[in-house]
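Working notes, beginning with the structure itself.
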Amino acid sequence: MDTPALCVQTLGGFSIRRGEAVLTGGRSRKLFLLLAFLIWERARPVSYGELTDLLWAGREGGSLNALKAVLHRARSALDQLERGCGKALILSREGGCQWNPEVPLVLDAEDFARLLEAEGLESRLEALTLYRGDFLPSLAGHPWSDARSEALRRQYLETLLAVLPALAEADRWQEIADLSVTACALEPCREDLCRLRMEALLRLGRCQEATQAYGALHDHLLSRLGVLPSQALRDLYREALGDQDPRAVSPATLLETLLESPRSGSLLCGFDAFRTICHSTARMAGRSGRPVHIALLTAAGDDSLARRSLDRAMDHLEEILREGLRRGDAAARCGAAQFILLLPQADYNASRTVCARLVRSFTRRYPHSPVRITCFVQPLPPN
């Protein structure tokens with residue numbers, strides 16, 4: 001049978017095209033895997049034993065009869081390209097079968113690798129346009145496809161990161177914008193790729209698309225890694241927002257306003273802010289069922305204690321609280337001689353232990369202080 005060239009896509013999906021007829025990989029996983037493997041290994045006959053191991057990987061159900069049933073379905077599927085095409089493409093060999101090596105075939109993954117070996121920027125650009133996604137994504141998780149997918153993806157990213165700066169130097173921003181679509185979809189948490197995409201879109205005046213690219217990165221980083229974009233990305237985001245309503249606050253600016261500057265120790269705040277924190281914590285405690293405790297620390301002295309001496313002692317106690325409490329705790333001064341603490345990560349006994357430790361620290365550091373510290377611990381009623 002004189003079969004015209006077949007075009008096989010394996011990057012970003014699987015399909016076999018012959019003229020207007022197309023066979024896609026939206027069938028059973030075993031049939032899909034069998035066709036892809038035979039095409040990839042078309043230079044040699046493959047034994048039935050090797051195919052059984054490939055399809056069943058030692059699990060129950062793998063037998064010669066089961067394999068022949070999959071082969072029959074594969075040949076029937078190929079007949080959609082042309083009547084009799086299945087038997088002409090999958091040839092029987094003694095103890096196995098082989099994809100007909102005499103039929104002309106264009107395989108995108110092979111063209112991708114060939115173009116990467118060629119010298120010159122244009123060849124590498126042509127290779128990158130062929131990479132429409134990972135190798136056989138519907139077979140993700142299978143050892144045979146995963147090994148090849150990882151190698152091809154690594155080649156793609158290495159080439160892309162080498163090509164994009166060269167395009168930027170030549171002011172070829174449209175090509176950068178086009179290439180970065182696939183790159184950011186494959187690696188949605190890569191800041192370097194997002195930065196290049198945003199820079200290209202800004203050069204092209206497509207500010208809204210640049211803000212969308214930042215938003216996608218922001219969501220992926222937060223949901224997958226629990227981190228936020230870097231300052232450099234936030235600066236680009238502000239630039240992309242330049243033409244928007246100046247009265248509107250951007251998410252990046254709002255975030256910087258809300259973020260606490262890095263420091264160790266507990267959160268020391270005013271009493272009004274402390275009360276709001278307690279309300280929020282009580283609500284969460286009501287939902288989770290975990291008890292939250294508050295502690296009242298009181299500095300007591302004799303009746304002749306001067307106000308100046310008391311204030312100095314309270315300043316010293318504040319230092320102890322800032323250093324001795326955890327980052328999740330909060331504290332506020334609630335009177336001339338009292339501090340109130342919020343201890344959301346400690347039960348009753350642990351809260352008493354925390355207070356005792358704070359009192360010991362104060363006594364050791366300021367043994368001659370004219371005040372003594374007492375503590376009282378109680379649960380914060382859930383809201």
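General remarks:
- Within region 78-92, the set of residues being in contact with a strand residue (DSSP E or B) (Cβ under 8 Å, 6 or more places away or on another chain) and either touching a residue at least 60 places away in the same chain (Cβ under 8 Å) or not polar (S, T, N, Q) (or both) comprises Leu78, Leu81, Glu82, Cys85, Leu89, Ile90, Leu91.
- From the options Asp315, Asp302, residue that is exposed (fewer than 13 other Cβ atoms within 10 Å of the Cβ) and touching a residue at least 12 places away in the same chain (Cβ under 8 Å): Asp302
- Number of the exception - Ser47 against (1) modelled with pLDDT of 90 or more; (2) surrounded by 20 or more Cβ atoms within 10 Å (Cβ to Cβ): (2)
- Enumeration of residues in region 346-383 that are surrounded by 15 or more Cβ atoms within 10 Å (Cβ to Cβ), free of Cβ contacts under 8 Å to residues at least 60 places away in the same chain and either touching a Phe, Trp or Tyr at 6+ places or on another chain (Cβ under 6 Å) or among the polar types (S, T, N, Q) (or both): Ser351, Ser361, Ser369
- Residue, farthest from Ala282 (Cα to Cα), within region 343-381, restricted to residues that are assigned to a loop (DSSP other than H, G, I, E, B) and touching a strand residue (DSSP E or B) at 6+ places or on another chain (Cβ under 8 Å): Val371
- Given (1) open to solvent by 40 Å² or more (accessible area, probe 1.4 Å); (2) over 16 Å from Ser369 (Cα atoms), index of the condition Thr281 fails: (1)
- Residue within region 96-110 that is within 26 Å of Arg190 (Cα to Cα) and either under 21 Å from the mean Cα position of the chain (by Cα) or of a type in the set (A, V, I, L, M, F, W, C) (or both) present: yes
- Residues within region 63-79 that are surrounded by fewer than 17 Cβ atoms within 10 Å (Cβ to Cβ) and small (Gly, Ala, Ser), tallied: 4
- Some residue of region 142-165 being farther than 19 Å from Leu54 by Cβ and among the small types (Gly, Ala, Ser): yes
- Leu152 being touching a strand residue (DSSP E or B) at 6+ places or on another chain (Cβ under 6 Å) and either among the aliphatic types (A, V, I, L, M) or loosely packed, with under 15 Cβ neighbours inside 10 Å (or both): yes
- Taking region 1-112 as the region of interest, the strands (runs of 3 or more DSSP E) fully inside it that hold 3 or more residues being over 30 Å from Leu125 (Cα atoms) are 90-93, 96-99.
- Residue in region 166-176 that is buried (at least 17 other Cβ atoms within 10 Å of the Cβ) and under 22 Å from the mean Cα position of the chain (by Cα) present: no
- Residue in region 272-293 that is without any contact (Cβ under 8 Å) to a residue 40 or more places away in the chain and in contact with a Phe, Trp or Tyr (Cβ under 9 Å, 6 or more places away or on another chain) present: no
- The one condition in (1) open to solvent by 50 Å² or more (accessible area, probe 1.4 Å); (2) among the charged types (D, E, K, R); (3) closer than 22 Å to Glu239 by Cα that Arg197 fails to fulfil: (1)
- Residue under evaluation Gly133, criteria (1) assigned to a helix (DSSP H, G or I); (2) surrounded by 17 or more Cβ atoms within 10 Å (Cβ to Cβ), criterion not met: (1)
The values are calculated or read from the model by the stated rules, or taken from the named source; none is laboratory data. For clarity, every value in this text was computed on a predicted model and none was experimentally measured. Heads up, the Cβs are rebuilt from the backbone with ideal geometry, glycines too, and the neighbour counts pull from every protein chain shown. Note: areas computed on protein heavy atoms with side chains; ligands, DNA, RNA excluded. Shrake-Rupley method; radii C 1.70, N 1.55, O 1.52, S 1.80 Å.
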